[in-house]
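S.K.: Handing you this structure, nothing more for now.
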Amino acid sequence: MHEMSIAAEIIDAVQQKMDEQHLTKVTAVGLRLGRLSGINAEALAFCFEAATQDGALAAAKLSIEEVPMRADCRTCSANFEVEDFIFVCPRCGSNDTNVLQGDELHLAYIVAE
Amino acid sequence: MNTRISIEKKVLSENDRLAAGIREKLRKNRVVAINLVSSPGSGKTSLLEKTLGALNDKLRMGIIAGDVQTENDAVRLRAAGGRMVRPIITGGACHLDARMVEKALNELDLRDIDILFIENVGNLVCPSSYDLGEDLKVVLISTTEGDDKPLKYPAMFRKSTAMIVNKIDLLGLSDFDIARAETHARGINGMLKMFAVSCRTSANLSIWYDWLTELVTRKKAAAL
């Protein structure tokens, strides 16, 4: 369970942005999350809420956009969506594949009032 | 009025920055670094004890031993002949991060090390999110666990370079099927290098030692 440390990192980054731009109230925090990041979205949302009960982020809702995993095949160059973590090329069956997306843990945006 | 402000920043960018610094230091000193991960009790410390016993005269080994609460692993590794062992006690945290490793590295002289093992906290989830600046991750499982471990913790198996199945001396006493474990792992990561060993009987460990020696040779030649 490392979602609490991740929530703390997110809160720090938002706070930093608020200070820089002299913002007083943030109503939404947008995150892009891939399943390869090793972060559980539900647990993270729970931790974020618990850690922002009061303070400058009390009104902030965490909005998580899940990024699907995609890979390409080093054998036949097919580009495909990875389902259930099976990194096998659906066209030629090769398992020599390269991850293109799905390991994101990105703070995308904030919405401020 | 609501304003949307774009940030587009990796949440772990500070960890990644520190990890990049560690990687650069390791590169300059031509030190191979392996981030060793597993569930609790799979045999990370036993593997390192054996490796020290076999390679201590040939390779200069540094070990950073992460533990949630005690220094027991570091004590075991020193008793096994480890000369450059630094413990990290995470104080409850379920993973090592680059800041902890950087601090431990400051107490080791990289010029005296050929290969550095970072023994992570026993956990197959959290350590997968944190780059420690290593060259590669090695994931260890054992025959007293389920052979579906790769399916349960796919992110870690995808990010690893090698998988070791330990405790093969106990095969037959549980339902663990090596072929099944390897098939599961290969679906997630077709390039995984596989080892099947027993730290208790030393079975097949020489293959692991040869691989480590080859990694050191490649790193010295700047080919890793």
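What follows is calculated from the coordinates using simple rules that are stated; it is not laboratory data. All values reported here derive from a predicted model rather than from experimental measurement. Neighbour counts run over all protein chains shown; Cβ positions are idealised from the backbone, glycine included.
S.K.: For chain B, what is the mean residue ellipticity at 222 nm derived from helices alone (per DSSP H run of n ≥ 4: -39500 (n - 2.57); sum divided by total residues; nearest 500 deg cm²/dmol)?
M.R.: Result for chain B: -10500 deg cm²/dmol, rounded to the nearest 500.
S.K.: Cysteines without a disulfide-compatible partner in the protein assembly as shown, using Cβ under 4.7 Å as the rule?
M.R.: A:CYS47, B:CYS199
S.K.: Under a 5 Å amide H to amide H cut-off, with H placed in plane at 1.01 Å, what residues pair with B:LEU136 once short-range neighbours are removed?
M.R.: Distant-sequence amide H within range of B:LEU136: B:ALA33, B:ASN35.
S.K.: What is the average number of partner chain Cβ atoms found within 10 Å of a Cβ in B:5-17?
M.R.: Taking the mean over all residues of the peptide, I get 6.
S.K.: Follow-up. Among DSSP beta bridges whose residues both lie in the protein assembly as shown, state the antiparallel percentage, nearest 5.
M.R.: 35 percent
S.K.: Moving to a separate point now. Restricting to Cα pairs below 8 Å that are 6+ residues apart, what does the relative contact order work out to for region B:57-196? Please round to a whole percent.
M.R.: Answer for region B:57-196 is 21 percent.
S.K.: Along region B:73-88, what does the Karplus equation 6.51 cos²θ - 1.76 cosθ + 1.60 (θ = phi - 60°) give for ³J(HN,Hα), rounded to whole Hz, x for Gly and Pro?
M.R.: 5, 4, 4, 4, 6, 5, 4, 7, x, x, 9, 10, 10, 10, x, 10
S.K.: Okay, moving on. Using only the Cα atoms of chain B, build the gyration tensor, take square roots of its eigenvalues as a ≥ b ≥ c, and label the shape rounded, prolate or oblate: rounded if a/c is under 1.5, else prolate if a/b is larger than b/c, else oblate.
M.R.: oblate
S.K.: Taking only C-alpha pairs under 8 Å that are 6+ residues apart, what is the relative contact order of region B:1-120 in percent?
M.R.: 36 percent
S.K.: How big is the charge dipole of the protein assembly as shown about its Cα centre, in debye rounded to the nearest 20, if each Lys and Arg gets +1 on its Cβ and each Asp and Glu gets -1 on its Cβ?
M.R.: The dipole magnitude comes to about 1100 debye.
S.K.: Could you give me the ³J(HN,Hα) list for region B:56-65, computed from phi with Karplus coefficients 6.51, -1.76, 1.60 and θ = phi - 60°, whole Hz, x at Gly and Pro?
M.R.: Per residue, the Karplus-derived 3J(HN,Hα) values read 4, 7, 9, 10, 8, 9, x, 9, 10, 9 Hz.
S.K.: Hey, another quick one. Take a quick pass over region B:1-139 and tell me how many lysine pairs come in under 23 angstrom between Cα atoms, counting only ones 8 or more apart or on separate chains.
M.R.: Value for region B:1-139: 16.
S.K.: For B:GLY190, enumerate residues with amide H under 5 Å from its amide H, sequence gap 5+ or separate chain, H modeled in the peptide plane.
M.R.: A:THR97
S.K.: For a Förster distance of 56 Å, can you work out the FRET efficiency between the beta-carbons of B:ASN204 and A:ALA28, rounded to the nearest 0.05?
M.R.: Computed FRET efficiency for B:ASN204 and A:ALA28 comes out at 0.55.
S.K.: Over all pairs of distinct alpha carbons, what does the Kirkwood formula give as the hydrodynamic radius of region B:1-111, in Å?
M.R.: That comes to 15.8 Å for region B:1-111.
S.K.: In addition: Under the rule of at least 5 residues apart or a separate chain, name every residue whose amide H is placed under 5 Å from the amide H of A:GLN101.
M.R.: A:ARG70
S.K.: Right, something else. Roughly how many whole Å is it from the C-alpha centroid of region B:97-148 to that of region B:159-224?
M.R.: Distance between centres, Cα-based: 16 Å.
S.K.: Now a separate question. According to a simple spin-label model (label point 7 Å from Cα along Cα-to-Cβ), what is the distance in nm between B:ASN72 and A:THR75?
M.R.: Label-label distance for A:THR75 and B:ASN72, simple model: 4.5 nm.
S.K.: While we're here: Using the Cα centre of chain B as the reference point, and only Cβ charges (+1 on K/R, -1 on D/E), how large is the resulting charge dipole? Debye, rounded to the nearest 20. Please report the intermediate quantities before stating the final value.
M.R.: Numbers: 33 positive and 28 negative charges, 132 e Å.
With only Lys, Arg, Asp and Glu charged at Cβ, the dipole is about 640 debye.
S.K.: Per-residue HN-Hα couplings for region B:112-129, Karplus 6.51 cos²θ - 1.76 cosθ + 1.60 at θ = phi - 60°, whole Hz, x for Gly and Pro?
M.R.: 9, 10, 9, 9, 10, 9, 10, 7, 6, 5, x, 4, 9, 9, 4, x, 6, 8
S.K.: Can I ask one more? Determine the relative contact order of chain A: mean sequence separation of Cα pairs under 8 Å and six or more apart, normalised by residue count, in whole percent.
M.R.: The normalised contact order for chain A reaches 36 percent.
S.K.: When the helices in chain A are scored as -39500 (n - 2.57) per DSSP H run of 4 or longer and the sum is shared across all residues, what 222 nm value do you end up with, to the nearest 500 deg cm²/dmol? Present the calculation step by step, with values, prior to reporting the outcome.
M.R.: Numbers: 2 runs with 29 residues, N = 113.
Result for chain A, helices only: -8500 deg cm²/dmol.
S.K.: Residues in region B:17-47 near a label at B:GLU102, defined as backbone nitrogen under 17 Å from the 7 Å Cα→Cβ point?
M.R.: B:17-28
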